[in-house]
Each structure stands twice: as C-alpha cells, then as structure tokens.
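The values are calculated or read from the model by the stated rules, or taken from the named source; none is laboratory data. Because the structure is a prediction, the values reported are computed rather than measured. Virtual Cβ from ideal backbone geometry, glycine too; neighbours counted across all protein chains shown. To get the accessible areas, we keep the full protein, side chains included, count just its heavy atoms, and leave off ligands, DNA and RNA. Shrake-Rupley method; radii C 1.70, N 1.55, O 1.52, S 1.80 Å.
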Amino acid sequence: LSRIGDELYLEPTEGGLSLRAVNSSRSAFASFLFAPLFFQLYEPGGTGPDTELFRCKVHMKSFLGIFRSLPSLEKSVGKCLILLKPRASRLVLQLHCKYGVTKTHNLAFQECERLQAVFDIQRCASRLCAPARVLAEAVVHFPVTLAEVTLGTGPGGKIGLRNYVEEEAELSKTMVTELWLAADEFQSVAVAPGSHITFCLKEFRGLLSFAEASNLPLTIHFDEPGRPVIFTLDDTVLEVHLVLATLSDLESNSQSPSTNGVSHLPAPSDDFPDDLESYMVAMETSEGGLEGLTPHFSPQFRSLFFGSVMTPGRPGPATSQEVLAEDSDGES
C-alpha cells in the first residue's frame with residue numbers, strides 16, 4: 001500500500017478490517033480486507049444495527065515505522081493489538097514482545113469518509129488468472145524506470161507484455177521490449193480477441209511481490225482501453241484489490257459500445273488540462289445523500305472515479321462492487 005499512497009485508510013467492518021490507499025492523481029487504488037478469522041480476536045465496534053462504524057486515515061510513513069525490520073519483529077513480537085480510540089483521535093498499536101515487554105505506539109489520525117473505487121469485475125470482458133511467479137518473471141525483463149506497460153492478446157491465444165511507446169517517440173532511438181506467454185502458462189484465460197490495455201507498472205510490481213510471497217494466484221480483470229483494470233488476490237482470510245486507470249484509446253472509445261455498466265464519454269477537447277486529477281469525480285457525503293457529482297475528462301487516463309452512482313434508496317445490482325468514490329476529512 002505504501003507504493004500507492006501517502007495515507008493509510010483504516011475501516012473496521014463486520015466483514016473484517018479494511019486497509020486502503022489511493023495515489024494523489026486518483027489513478028491507482030488498493031484495498032486489503034482481512035476477514036475476522038485472520039485475527040485471534042476481532043471486534044469492529046458499533047453496538048446497534050444503526051450504529052455507523054468509525055473509520056480514519058493515518059500517515060503511511062508513521063504506520064510503516066512501527067513495522068520496520070520485519071525479520072526482527074517476527075522473532076520478538078508475539079502479537080499485535082490494534083485499537084481505534086475515536087474520542088482521543090488516536091490509533092493505538094501495541095506490540096507484545098518476549099519477556100513481558102509491551103511497546104505502545106499512539107498515532108494521530110484524521111476522521112474521514114469511506115474511500116472506495118467504482119468498478120464491477122463481473123462486467124469486465126476479459127479475465128486472466130496466473131501464478132504470481134509467472135507474471136513476476138515476465139516483468140523482470142522490463143527496466144525499473146519503465147512507467148507503463150501494455151498487456152494484450154496475440155495470435156494463437158498468446159498473452160503479450162510490451163513497454164508502452166508514445167506515438168510521437170522516435171522509434172530509431174527507442175528500445176522496445178516485448179514478451180509473449182503461451183495460454184498454458186495461465187490457470188485460466190478468457191479474453192476478447194485483439195484486446196489490449198496500458199497501465200502503470202510500479203503499482204503492478206508491488207502487488208506481484210506480495211502475491212509471490214503469499215503464494216497466491218493473481219487474477220486480472222479488464223475491459224477496453226480507458227476502463228480500469230482490476231487485479232485481485234483471494235484467500236480464505238484475505239481479499240486484495242488493486243485498481244489502476246488505463247490509457248484511453250479515443251479511436252476505440254468512439255466506436256465501441258458501452259461496457260462495465262458505464263456509457264462511453266465523449267472525446268475530450270484540448271481545453272481540458274492533461275492530468276489524471278481532472279478525471280476525479282468528487283462525491284461528498286452529506287445528510288442529504290450524495291451530491292456535488294462533477295466528472296472531468298482528460299485525453300489520456302480516466303480515473304477510477306467514474307461510473308454510475310447509487311442514489312439513496314436505490315440499491316445497485318447484487319454483483320456490483322462499489323469502488324473509489326468518497327474521501328473527505330470529516331467535517332462538512
């Protein structure tokens with residue numbers, strides 16, 4: 001999560017403890033949901049059915065500082081106790097170590113609205129599932145400084161990875177790296193012929209490292225260019241989502257039908273600023289429900305904040321998963 005954003009969002013729910021992060025341009029979102037069975041003891045708080053659970057955000061560096069040097073912690077720490085204290089505006093982490101030593105860390109936090117991206121993996125036209133090792137060994141051939149990579153299909157059902165090259169780049173001075181994987185390298189392949197997407201490699205590498213260490217297969221859900229790509233890891237006690245914006249293909253968008261439950265947006269004019277932040281849809285929660293929905297468009301990336309908004313009293317389809325929408329510092 002530290003590769004995604006500078007703030008860590010914590011939200012205890014009945015379904016488990018959710019840790020989330022989003023980058024400053026709102027083009028990358030990640031969430032880790034730890035089921036109650038993951039913990040020796042889990043109490044989300046909130047006593048009544050109408051009681052709203054508390055959520056907060058803390059600085060990522062402050063949180064990481066507590067867990068530095070993991071090999072040492074694993075040898076000396078028996079358990080970790082996490083307490084949310086809303087009245088004191090503190091997140092308390094206690095490390096119970098050997099010989100009766102207890103280390104207590106008090107982190108100041110900010111109360112916040114729910115941070116959730118808007119996506120629906122059920123409506124993605126393409127799906128790939130592979131052992132993390134296969135994908136990790138593939139991306140190692142790309143330079144660390146590479147910003148974006150293109151994932152696409154090829155003849156014979158092959159899946160290719162290629163470094164993204166801008167159209168205006170001088171090809172004689174550009175190194176192109178392309179790698180193809182046979183369909184039998186994957187656990188499952190269900191992709192639309194000729195499909196391709198371009199996304200940022202940095203966050204993808206981070207998730208691959210975690211998936212490889214956890215020995216979990218990685219599933220990739222994607223649609224056409226400009227729609228978010230969703231990477232998922234699933235375990236009995238852990239559910240992970242990484243959602244990345246993809247590079248828009250304006251020519252494709254103007255000819256293709258709507259997908260992923262969202263109608264296509266018109267091609268933006270050159271008057272709009274060319275940055276990822278311009279795609280953010282701000283949804284501020286007030287007592288009257290969702291308001292202030294203002295989409296903006298950019299010629300390159302579409303942020304994760306687009307999509308249909310569920311209005312109060314009008315639930316969405318059972319298969320949909322809400323994502324990246326609301327983020328406020330509390331007082332409105």
Distance in nm between E166 and S195 label points, each 7 Å along Cα→Cβ, equals 2.9 nm
In region 1-118 the accessible area split gives carbon plus sulfur, as whole percent at 1.4 Å, a share of 52 percent
Residues whose built amide H sits under 5 Å from the amide H of Q187, excluding neighbours closer than 5 in sequence, are C129, A130
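For region 161-234, which whole percent of the accessible surface, found with a 1.4 angstrom probe, sits on carbon and sulfur atoms? Numbers along the way, then the final one.
Details: 1890 of 3710 Å².
Ligands and nucleic acids excluded, carbon and sulfur reach 51 percent.
How do Y164, Y42, Y99, Y9 stack up against each other in accessible area, from largest to smallest, with a 1.4 angstrom probe?
Numbers: Y164 70, Y42 50, Y99 215, Y9 15 Å².
Putting Y164, Y42, Y99, Y9 in descending order of accessible area: Y99, Y164, Y42, Y9.
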To the nearest Å², the heavy-atom accessible area per residue of region 121-249 with 1.4 Å probe amounts to 47 Å²
Measuring from its Cα centre, region 1-118 shows a charge dipole (+1 at each Lys and Arg Cβ, -1 at each Asp and Glu Cβ) which, in debye to the nearest 20, is 560 debye
Which residues qualify? For Q116, with a placed amide H closer than 5 Å and at least 5 residues away or on another chain, they are L324, A325, E326
From the Cα centre of region 212-249 to that of region 60-92, the distance in Å is 27 Å
